[in-house]
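Peer 1: One structure follows; several queries about it will come next.
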There are 4 protein chains.
Amino acid sequence: DAPIAILAGPCQMESRAHALEMAAGLSEIAQKLGFGLVYKSSFDKANRTSLTGRRGIGLEAALPVFAEIREKYGVPVVTDVHEAGQCAAVAEVVDVLQIPAFLCRQTDLLIAAAKTGRVVKIKKGQFLAPWDMKNVVAKVTGSGNPNVLVTERGSSFGYNTLVVDMRGLPQMAETGAPVIFDATHAVQQPGGQGTSSGGDRRFVPVLARAAVAVGVAGLFIETHQDPDRAPSDGPNMVALKDFEGLVSELQAIDQVVKQRKSASQA
Amino acid sequence: DAPIAILAGPCQMESRAHALEMAAGLSEIAQKLGFGLVYKSSFDKANRTSLTGRRGIGLEAALPVFAEIREKYGVPVVTDVHEAGQCAAVAEVVDVLQIPAFLCRQTDLLIAAAKTGRVVKIKKGQFLAPWDMKNVVAKVTGSGNPNVLVTERGSSFGYNTLVVDMRGLPQMAETGAPVIFDATHAVQQPGGQGTSSGGDRRFVPVLARAAVAVGVAGLFIETHQDPDRAPSDGPNMVALKDFEGLVSELQAIDQVVKQRKSASQA
Amino acid sequence: DAPIAILAGPCQMESRAHALEMAAGLSEIAQKLGFGLVYKSSFDKANRTSLTGRRGIGLEAALPVFAEIREKYGVPVVTDVHEAGQCAAVAEVVDVLQIPAFLCRQTDLLIAAAKTGRVVKIKKGQFLAPWDMKNVVAKVTGSGNPNVLVTERGSSFGYNTLVVDMRGLPQMAETGAPVIFDATHAVQQPGGQGTSSGGDRRFVPVLARAAVAVGVAGLFIETHQDPDRAPSDGPNMVALKDFEGLVSELQAIDQVVKQRKSASQA
Amino acid sequence: DAPIAILAGPCQMESRAHALEMAAGLSEIAQKLGFGLVYKSSFDKANRTSLTGRRGIGLEAALPVFAEIREKYGVPVVTDVHEAGQCAAVAEVVDVLQIPAFLCRQTDLLIAAAKTGRVVKIKKGQFLAPWDMKNVVAKVTGSGNPNVLVTERGSSFGYNTLVVDMRGLPQMAETGAPVIFDATHAVQQPGGQGTSSGGDRRFVPVLARAAVAVGVAGLFIETHQDPDRAPSDGPNMVALKDFEGLVSELQAIDQVVKQRKSASQA
């Protein structure tokens, strides 16, 4: 049981300068606290609530920036893919291909991502039970790629609300894939602001502490130096200034839980 | 308030012969009962629960069959599209492009479907509130296509279960788009059979009667001459032999409800 | 399959004068439209959201008024009981003892109600599945009283929201007890106004039409001459002036559905 | 922020001998690990799924046993009350009166419990939002008793399933009342075994670790020396032999979380 890794970065790639600035800040914290960092950003927010929501700088502009971040900061990078045709190009630069939650049952996308040989990180749909992920994972492993990560980001609970069932974390671990907890999307209120999704970042540390105490391989935490001005997911993102304090608390809990687990297995 | 139309056909296009046989049976019933029929079938089930689930005969094989059905039986046809790149080709033959529920927020797919000028029928995601559909509809109308249909097929309710909130029908009608009730997918139990979705077709008439009494523009009812042997959605499909009885009851309720509505508005 | 009966009246008994006025209005409509009326009112709202919510005139004051209404208008009456000790006294005057939804699993209350020999009408808890009602009904029938009615009034759906699963109506009918649909409490938004429950009476006719089309023995519809000034459940109650129009539409749907049912069974 | 207290004991009081044996075992562990123990047992299971479920030894037989446990082991005791009339008698012996979840809105019961001056521990109904508890707590504090504990035991999530929303713990803390997490009832599957409730005790440590990492005043953990033979709630109860290991892990997490909290507030 390795210590928790952290997948972090701004929801969408806003510009090269912004991406490099965020990567610099995050990798400094990662070195200080000693955790494995994977830099995250989306080149295209393909399922915004509204037609007029900003979508990111696009695939072509983003790939060189991901390459630059990998080289300059020595960190792996993760980004979303939305159609099968994107997977090969993205995989030339990006270490981890993320399958969005709404798309987690799209067979062609899963197969195309699998065929790249890169790690495939699948977000559990808000409409799926934890045990349903075994079929989803099998679409990737059955296509010859054993490198799968599964991610919890909440389940539909009435309207415009998500709930995280913490029992789902060990249930998803039964797939054999390491489990990542997405602490920022889990506090989303989908569609909750009329023409965009709301959220409540006060609950990010609450759910993150809970998930780490249950036991996870890593956390996904979207961060921004000024979340209230971010073009997407602002209400859920963690301010960069609060990031170090949050992660160091999670590390402390993780250490207690994993030490006891190894002790009881020894 | 026109009488209810019926969108019907087998879940997936299994073969040309099967499609023609089903279209013949359904158009005979439509003529007898006097309802507007739209023939439905999927050329590709792109989000099966499991990698090994049968997916249909594919786009290229299906389009000529749709063309043949339109010509031979004089009925419009509807089928699903899954990626933006498919829309133009499908629209050459098919009257109504259906956006699957999991994909109802994929902006590029909605825009590509809109650009064809065909009617775009959008299924409400199991993870959306009825009022969230106004943003979804606006992605199509804002792309210059006013011909939108919206469809209710149930909301996530705990695990492996859907529930239909009948209040959602008038709420979705506030988008201005006619509302279709999908009576067969609404009784699905997603992932409920381990490696495939379950369902309970006994509740198709129950929910269909309720929706018609609330007031809808049409119903979507998947039908098969032998549902228990169908390659997908068998547990929910209505047997062809029960179809006439079901629709004629729905027509009787529809008539009562719409007569009273016109009377009260006169 | 008898035509639908209607249980109606104001949520709480506000005064003798108000109760008689409401009973007069409702029995006049019942005679005109030819439906079986059961007059409903609560003598005590024992589970208000807030300590300061008005609770009604109390058991002692209410019983003579119920007796007067029965005699004067020749209609049976129904009211809630909250503790086992109340049942015997209430049963001396009241025809139908109603078990509130929150209390539907309280064994002693069910047994005490059963022992009176009166009809026991049990509301399904917002936390129960339709099939769970068989155990609840068995607590009454197993205590020697076969006269049970079961009532649907919605299930918890996320926070501060109820949803009606129309499949629950035939599922509850499998208990053998006639099913009543409570169209006004089903549109409640529990706790939705901070210190009281909200609701949306616009959806009462929507859900009532749906339930009748599915098939029920009767409806429960709280009514008030001025709902916006009622001391409880105002947001859901139907204005008395709209009551006749609503019921006559429900009767028309009921007739269509039950005629076809008898025809298909003949 | 005091270290977590533990409320523990068998679901129902089965006999004097059994109660004393369990109290002995639990108080030994409490002394060893140094936590505050409150001994829990119900004298009457008043809302069993089925009429034939065993209900416990009853009020009169149980009170002397509670008195004996308090004196012999020097621990406070907690038990459920179900009707207003029971509160005074129970309060003569018992330190903490627990209001069952289904009854958490019954005004008379809350007032009667409040009037005893004992601590009133209120379980949040499966049908309430966390913020709805402020009205519930106010029924007790508004009756002159400031000693209230609130308890999370899960929310309805579809049928026969509960989910714990960990955000609810800090939301309930805003009432000002200390928050107890009921780790055994939270894993119940209400009505899930046809004529009794199911559950899955494997998830008790999962949810308990999560709740402690979020931050709570105490935990409620039903325990039994042989849960599979217990007359009620067997599927969720923790075996006595596993109790020490579970609590000592929770204490370790609690220490980390509360130390950091005091540090950040210093």
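Values quoted throughout were computed directly from the atomic coordinates according to the rules given, and no laboratory measurement underlies them. None of these values were measured; they are calculated from a predicted model. Because the Cβ atoms are built from the backbone with ideal geometry, glycine has one as well, and the counts that use them run over all protein chains shown.
Peer 1: HN-Hα J couplings of region B:36-47 from phi, Karplus 6.51/-1.76/1.60, θ = phi - 60°, integer Hz, Gly and Pro as x?
Peer 2: Running phi through 6.51 cos²θ - 1.76 cosθ + 1.60 with θ = phi - 60° gives x, 9, 10, 7, 10, 6, 9, 7, 8, 8, 7, 9 Hz.
Peer 1: Tell me what chain C gives for mean residue ellipticity at 222 nm when only DSSP H runs of n ≥ 4 count, each as -39,500 (n - 2.57), the sum divided by the residue total, rounded to 500 deg cm²/dmol.
Peer 2: When only DSSP H runs of four or more count, the value is -11500 deg cm²/dmol.
Peer 1: Ranking A:Asp44, B:Asp1 by Cβ neighbours within 10 Å, fewest first, what do you get?
Peer 2: Listing A:Asp44, B:Asp1 from fewest to most nearby Cβ atoms yields B:Asp1, A:Asp44.
Peer 1: For peptide C:122-134, compute the average count of partner chain beta-carbon atoms within 10 Å of each residue's beta-carbon.
Peer 2: Going residue by residue through C:122-134 and averaging, the value is 5.
Peer 1: Sticking with this structure for a sec: Along Cα-to-Cβ, 7 Å out, sits the label point; list in nm, shortest first, how far the one on A:Asp226 is from those in the other copies.
Peer 2: Shortest to longest, the spacings are 5.5, 6.7, 6.9 nm.
Peer 1: Among C:Gly56, C:Gly218, C:Gly34, determine the one that fluctuates most according to a GNM of chain C built with springs between C-alpha atoms less than 10 Å apart.
Peer 2: Per the Cα network of chain C with a 10 Å cutoff, C:Gly34 tops the list.
Peer 1: What do you get for trypsin sites (Lys or Arg not before Pro) in region C:19-88 restricted to DSSP loop and a cutoff of at most 13 other Cβ within 10 Å of the site's Cβ? Working shown, then result.
Peer 2: Working: sites: C:Lys32, C:Lys40, C:Lys45, C:Arg48, C:Arg54, C:Arg55, C:Arg70, C:Lys72; in loops: C:Lys45, C:Arg48, C:Arg54, C:Arg55.
Taking region C:19-88 and a limit of 13 other Cβ atoms within 10 Å, the loop trypsin sites (Lys or Arg not before Pro) found are C:Arg54.
Peer 1: Exceeding 31 Å between C-alpha atoms, which entries from my cross-link table qualify? They are D:Lys72/D:Lys115; D:Lys32/D:Lys123; A:Lys134/B:Lys45; D:Lys124/D:Lys261; A:Lys123/D:Lys134.
Peer 2: A:Lys123/D:Lys134
Peer 1: Quick one: Cα centre-to-centre distance for region D:38-93 and region A:108-140, in angstrom?
Peer 2: That distance is 50 Å.
Peer 1: In 10 Å bins starting at 0, how do the alpha-carbon pair distances of region A:112-266 split up by percent?
Peer 2: 11, 35, 35, 18, 1, 0
Peer 1: For a quick check: sort D:Leu162, D:Leu63 by the number of other beta carbons within 10 angstrom, fewest at the front.
Peer 2: Going from sparsest to densest Cβ surroundings: D:Leu63, D:Leu162.
Peer 1: Taking chain B as a Gaussian network, Cα atoms linked when under 10 Å apart, which of B:Ala23, B:Ala217, B:Ala61 shows the biggest mean-square fluctuation?
Peer 2: Between B:Ala23, B:Ala217, B:Ala61, it is B:Ala61 that shows the largest mean-square fluctuation.
Peer 1: Give the nm distances, rounded to one decimal, from C:Lys258 to the matching residue in every other copy, measuring between label points 7 Å along Cα toward the beta carbon; shortest first.
Peer 2: Computed spacing set for this position: 2.6, 6.4, 6.8 nm.
Peer 1: Among B:Ser50, A:Ser42, rank each residue by its count of other Cβ atoms within 10 Å, from fewest to most, as a rough exposure measure.
Peer 2: Starting with the residue having the fewest Cβ neighbours, the order is B:Ser50, A:Ser42.
Peer 1: Which aspartates and glutamates does B:Lys258 reach when only Cα atoms under 12 Å apart count, and residues fewer than 8 places away in its own chain are ignored?
Peer 2: Candidates past the 8-residue exclusion: B:Asp1, C:Glu249.
Peer 1: Could I ask something else about it? Compute the separation of the alpha-carbon centres of region A:1-31 and region B:161-177 and state it in Å as a whole number.
Peer 2: 41
Peer 1: Point me to the residue of chain C whose C-beta lies closest to the C-onto-D rotation axis, rounding the distance to whole angstrom.
Peer 2: In residue-and-Å form, the answer is C:Ser156, 2.
Peer 1: Roughly how far apart, in whole Å, are the Cα centres of region C:181-212 and region A:230-261?
Peer 2: Spelled out, the Cα-based centre of one part sits 41 Å from the other.
Peer 1: At a Cα cut-off below 14 Å, give the aspartates and glutamates reachable from D:Lys241, other chains included and same-chain residues fewer than 8 away excluded.
Peer 2: Of all the aspartates and glutamates, those that pass the test against D:Lys241 - Cα under 14 Å, at least 8 places apart if same chain - are D:Glu21, D:Glu28, D:Glu222, D:Asp226, D:Asp228.
Peer 1: Let a ≥ b ≥ c be the square roots of the eigenvalues of the Cα gyration tensor of the protein assembly as shown; is it rounded (a/c under 1.5), or, if not, prolate (a/b larger than b/c) or oblate? Let's see the in-between values first.
Peer 2: Working: a/c = 1.93, a/b = 1.06, b/c = 1.82.
The shape class here is oblate.
Peer 1: Take peptide C:43-51, look around each residue's Cβ out to 10 angstrom, count Cβ atoms belonging to other protein chains, and average those counts.
Peer 2: Values: counts 0, 2, 1, 6, 9, 4, 7, 7, 11.
Taking all residues of C:43-51 together, the mean is 5.
Peer 1: Same structure again: Hey, got the average number of other protein chain Cβ atoms within 10 angstrom for residues in D:251-260?
Peer 2: The shielding value for this peptide is 4.
Peer 1: Using the Cα gyration tensor of chain C, with a ≥ b ≥ c the square roots of its eigenvalues, what is the shape: rounded (a/c below 1.5), prolate (a/b larger than b/c) or oblate (neither)?
Peer 2: On the way: a/c = 1.18, a/b = 1.09, b/c = 1.08.
It comes out rounded by the Cα gyration axes.
Peer 1: Next up: Once the label point is placed 7 Å from Cα along Cβ, list for A:Gly36 the distances to the corresponding points in the other copies, in nm, shortest first.
Peer 2: Spelled out, the distances from A:Gly36's label point are 4.2, 5.8, 7.0 nm.
Peer 1: Once the other residues with Cβ under 10 Å from the Cβ of A:Lys261 are scored (Lys, Arg +1; Asp, Glu -1), what is the net sum?
Peer 2: 0
Peer 1: Comparing C:Phe157, C:Phe220, C:Phe35, which has the greatest mean-square fluctuation in the GNM of chain C with Cα pairs linked when under 10 Å apart?
Peer 2: C:Phe157
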